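The next block holds one structure in the form of structure tokens; read it before the comments.
Bear in mind these aren't lab numbers, they're just calculated from the coordinates by the rules spelled out. Because the structure is a prediction, the values reported are computed rather than measured. Neighbour counts run over all protein chains shown; Cβ positions are idealised from the backbone, glycine included.
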Amino acid sequence: MVESKPVWKVTLNNPCICLLTNLKLSCTGFESVVPVDTLIKTGDVCVLNKGIQGDFVFKYTDFVFKCAWDTSFEFKVIDGTFCA
């Protein structure tokens, strides 16, 4: 618990044989009392940002981060690019 709010583990899965980059998520209504350094929120869109590791999710891997709020939040992918 952080500030009396449960901590949620978010897992984004890349089931493809390709890298996934430029990942954009719909995050209308998303809030967290802890900073989520791996997401850049602009309006209702969150963009994956892994800093010096780049903005990609490797093939067949998960990208995991944590947030803290009263309720869970369902992120929806709205855009992204698969690279060979």
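Pairs of alpha-carbon atoms within less than 8 angstrom and 6+ residues apart define the contacts here; what relative contact order does segment 7-83 have, in percent? It would help to have the intermediate numbers written out before the result.
Details: 153 pairs, mean separation 38.6, N = 77.
Dividing the mean separation by the residue count of segment 7-83 yields 50 percent.
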Student exercise, segment 7-83 dipole from Lys, Arg, Asp, Glu Cβ charges, in Debye to nearest 20: 200
Mark the label point 7 Å from the Cα of residue 75 along Cα→Cβ and return the residues of segment 1-26 whose backbone N is within less than 15 Å of it. 8-15, 20-26
Just tell me which lysines come within less than 29 Å, Cα to Cα, of residue 59; anything on the same chain fewer than 8 places away is out. 9, 24, 41, 50, 76
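Among 37-50, 5-18, how do they line up from the highest to the lowest mean number of other beta-carbon atoms within 10 Å?
Details: 37-50: 14.8, 5-18: 13.3.
So the order, starting with the most tightly packed, is 37-50, 5-18.
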